[in-house]
Structure formats: C-alpha cells, structure tokens
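The values are calculated or read from the model by the stated rules, or taken from the named source; none is laboratory data. Being a predicted model, the structure only gives us computed values, none of them experimental. Here the Cβ positions follow ideal geometry from the backbone for every residue, glycine too, while neighbour counts run over all protein chains shown. Just so you know, the surface numbers come from the protein's heavy atoms only, side chains and all, with ligands and any DNA or RNA stripped out. Shrake-Rupley method; radii C 1.70, N 1.55, O 1.52, S 1.80 Å.
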Amino acid sequence: MRLQQALLGPLLVSFAFAQDLGVPLSWRKFSNSRPRSERITIAQNAINAIVPQLDSSNGEFNSIGYWQSGNVYSAAANQDKSAGTTTNRAFVINNLNLVYSKYAHYDKYGVCLSILRYGIRMFFERLFSITMTRCGGHNRRSMHTAPTINMLAHAVDVWTHVTGYVVTQAQANSGRNPLKTVTIQSTCNGKTMAGGVFWTTRADDGGINSITTGLYTTLSAFLAEYTGNSTYTNAAILSANWIKNHQINANNIVLDTTSADCSTGPGLYTYNSGKYIEGLSVLAAVTGDSSWTSLMINILNSAVKSSAWQGSDGIITEGSSPGGNNDGVGFKAIFIRGLHEAWTRNSPNTALLTLIHSYGDVQYNALLDLAATGNTYSSNWHGPPQAFTTWGQLAALDVMTSNIDTN
Ligand SMILES: *[C@@H]1O[C@H](CO)[C@@H](O)[C@H](O)[C@H]1NC(C)=O
C-alpha cells in the first residue's frame, strides 16, 4: 500500500475522493529522534538569531518586508505557546504595540499608497497567533493583566476595518461595494461572489484573492472561538465558502485569485493552501461541522504531496532564494504554520497526524542536515548552508517552532 502510494502518489492525489493519507516512501528522512527539550532549544535559538535584525524604531527586521516581519512575531508567539514559555511575550507584544501605534489598523501602506497588500498580511499573521496564544490558555491570564495592551481590541479593530472590503451577498446582488468603484459580478462560474475579500483598499482595484480571504476567514474563526460571538462565525463561514466555491482546483490545491470581474490570476503558492488549512481547522472546531474538516484534509493531503512545490523527496523548493529576498521566500512558513494548526486540532485522526509529523520532519531534517550554519538557515532547504540572511531565517522559524509539537 505504502509502496504503491510512493509510486503512484502524483496520480492518486489528482482524484478528489482520494483519502489515502499514507506517507510517500520517497520522502527524505520523515522522522527524527531529537527529544522535545532539544527541539525547544533549536527553535528558540533560531528566533534569537533573527532578533538582532530588529529595527526598534518601527518593529520591522532588516532586509525583509513589512508583512514578512509580521511572520517573525507569529512564530515567536507560537514558540511560547508550544514550549509553554513566556520567553518571547514581551518582545512580541511590545513590538505589536509599537507598530499599531504607528499605523491605523496595522496598515502601513493604507493612506499614502492605499494598498493593504502587505499590511493586511502582516497584521493578520500577528493577530492570529496572538489570539491563538490567548486561546491556548497559558498566556491568557498574563495578557489580561498586562496594562498596556489589549490584543483582542486590536484584532477586532482590524476585523472591522477589513470587513468593509468583504463582498456581502447584497453587494454581490447589486454589483457594488460602497468603498469600491469597480463592478462586482454577482456570480463567477455560477457561484456567488459573496465572502470574497478585496486585497487592497484602492477603490478602482477589483482584485480578490485567496490569501486575503483566507486570512480574514482565519481571523474571523479565531475571534469566534475567543468571543463566542456568532457575527465572527458567520463571517468565517461566508469567506470559507467563497474559497471553497472559487479557488480549489481539480487537484485540491487552493488557487490565487478570482477578481470582482471573474478574471483569474495564475500561480500555485503554498501559503494559499496553508492559510486556508489553518482557517478551516479553527472553523471546524468553532462550528463542530465536520465537512470543514473533510475539506481541510483533502487540501492538506494534496498540498503536502503536490509537485507544484516539492520533488519526490518532499522538501519544499518554493522561495529558495539564497541571493536575495523576495515575497515568496516566506510563503512556505505560512504553509507550515497552517499544518501545525491542523495538527493541534485533529488528534483523533492518527493517519493525518502521522502525515503532518512526517512532512514536518522532512523539512526539519533538511534544514538541520543540509541548510544550517549554526542556528541559522538558508532559504534553500536543500542547501548548501550559507551565511545568515534575515529572509532565510524567517522562512525556517515556523518549521522549528511547529516541530516542537508535530515531531
Ligand atoms: C459581536 O461582534 C460584532 C462585530 O465586532 C459586534 O458589532 C457586536 O456588538 C458583537 N456582539 C456582542 C453581543 O458582543
């Protein structure tokens, strides 16, 4: 069975009904025996190695972009959650406060360029993890007693801001969003455009994509979980359905763009599937609706075996960029974070957990064996090792922190 899977994997995953969660035997080193204490240390050392790049005037890190910087905080918050520590809490919260005080709704590019693109990713990434950390329990009390911060208020502010850019059913029907000058098609391919989230605040830009909608789905689901307020649950369901209706290809991989005029954008990127996997994992828990879990598992099983971003060894090749930073370098970190979220919420499904564990170990072992210089890592997970780069380090953080749990 497993051998057959290894040989036929690319064929099998093209069938929507395939539910064989077997681990391809061709994957390189899909287990490791490092004890948990060592994994915690490896991950914290990786975080510590990027901290000196912090620009304390703006909360960003040298040599990476605004939204990429946000992902550093997500990984640091997840580290505390998984390790059961508060090592990174002040670092995360103080810098989130700083950025929030500088930019309304965390949207760095909002007024001048009117582009939500980078800001939206950054603040969502950060707030998701913070919200999740609160829900995880151990940080909740301390965050409540912290006098200077209310992360929930930040999250609600962001949610409220972005909600203005979500296509409602009424807007799909009328073809108009009050913040936009573009016409919205009521349906694309026969499915309602309700739930799609514009990727920018620019009035004449009709772009609607999976990452923005997936982030909004996830933020809504976390807020629903934390507050019990059904407004957020309904928002998460509406946007999860938009992705389900428009963005999943025949191989169960999440596509990038379907704009208000129904035009589509090319490209397969790990983070589109990853962020949706994260959102669906939370949404399934919030609603108790197992159909979201089934959808999530189909996408996850396909994504970890997709030839779009890895060869038969299973090591992610997307965003391998030893010579310089680019947007795509950090996508895979968001993907790994989504897999970790699925892992934390599906413990009865041992086949799924084994698959996530194995895939995570493939990336972990590749980084440690092939791409490491001390506690720093190349963005090319096949190696060779190189001198520290901020972007390579950023991309590795979620592998290290997730592996505390998933190994
Ligand atoms: C639920 O959340 C929405 C959106 O933030 C808010 O308008 C509403 O007042 C909340 N309801 C309750 C009961 O808190």
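Could you pull the Cα extents of the chain along its three principal axes, largest to smallest, in whole Å?
57, 51, 40
Restricting to Cα pairs below 8 Å that are 6+ residues apart, what does the relative contact order work out to for the range 5-406? Please round to a whole percent.
Normalised by residue count, the contact order of the range 5-406 is 19 percent.
Please give, to one decimal in nm, the separation of the simple spin-label points placed at Ser312 and Gln169, each 7 Å out from Cα toward the Cβ.
For the pair Ser312/Gln169, the computed spacing is 5.0 nm.
Compute, for Ile248, the solvent-accessible surface of its heavy atoms (probe 1.4 Å) with the complete set of protein chains present, and express it in square angstrom to the nearest 10.
Around 40 Å² of this residue is reachable by solvent.
Given the DSSP H assignment, sum -39500 (n - 2.57) over each helix run of at least 4 residues in the chain and divide by its residue total; what's the result at 222 nm in deg cm²/dmol, nearest 500?
That calculation yields -18000 deg cm²/dmol at 222 nm.
If ligands, DNA and RNA are left out, what is the accessible area of Ile356 with a 1.4 Å probe, given in Å² to the nearest 10?
Ile356 exposes around 10 Å² with every protein chain in place.
Skip the ligands, DNA and RNA, and give the accessible area per residue of the chain with a 1.4 Å probe, whole Å².
Numbers: 14390 Å² over 407 residues.
In whole numbers, the chain has 35 Å² accessible per residue.
Please report the accessible area of Val51 (heavy atoms, 1.4 Å probe, ligands and nucleic acids excluded) in Å², nearest 10.
50
When the chain is fully extended, how far beyond the present Cα-Cα distance does Ser186 get from Ser31, taking 0.36 nm per residue of separation?
51.0 nm is the gain from fully extending Ser186 to Ser31.
Under the 0.36 nm per residue contour assumption, what length would be gained going from the current alpha-carbon distance of Asn62 and Ala153 to full extension?
Additional length available on full extension: 29.9 nm.
Between Glu38 and Thr373, what FRET efficiency comes out of the Förster formula 1/(1 + (r/R0)^6) with R0 = 22 Å and r the beta carbon distance, rounded to 0.05?
Calculated transfer efficiency: 0.75.
Relative contact order of the range 142-284: what whole-number percent is it, with Cα pairs under 8 angstrom and at least 6 residues apart?
22
Using a 1.4 Å probe on the protein heavy atoms, what percent of the accessible area of the range 5-406 belongs to carbon and sulfur?
54
Assuming a strict under-16 Å limit between Cα atoms, what lysine pair count do you get for the chain once near-sequence pairs (fewer than 8 apart, same chain) are dropped?
Details: Lys29/Lys305; Lys191/Lys244; Lys244/Lys275; Lys275/Lys332; Lys305/Lys332.
Eligible lysine pairs with Cα atoms under 16 Å apart amount to 5.
Determine the gain in length on full extension of the stretch Thr231-Arg176; use 0.36 nm per residue of separation and subtract their C-alpha separation, reporting nm with one decimal.
17.6 nm
Calculate, for Thr350 and Ala203, the FRET efficiency according to 1/(1 + (r/R0)^6) with r their C-beta to C-beta distance and R0 56 Å; round to the nearest 0.05.
0.65
Counting only complete DSSP H runs, which helices of the chain cover 15 Å or more along their long axis at the Cα atoms and score a mean Kyte-Doolittle of -0.5 or above?
36-50, 89-102, 117-136, 151-163, 210-227, 230-246, 270-287, 290-303, 331-344, 350-370, 390-406
Using Cα pairs under 8 angstrom and six or more residues apart, how large is the relative contact order of the range 214-367, in percent?
After rounding, I find 22 percent.
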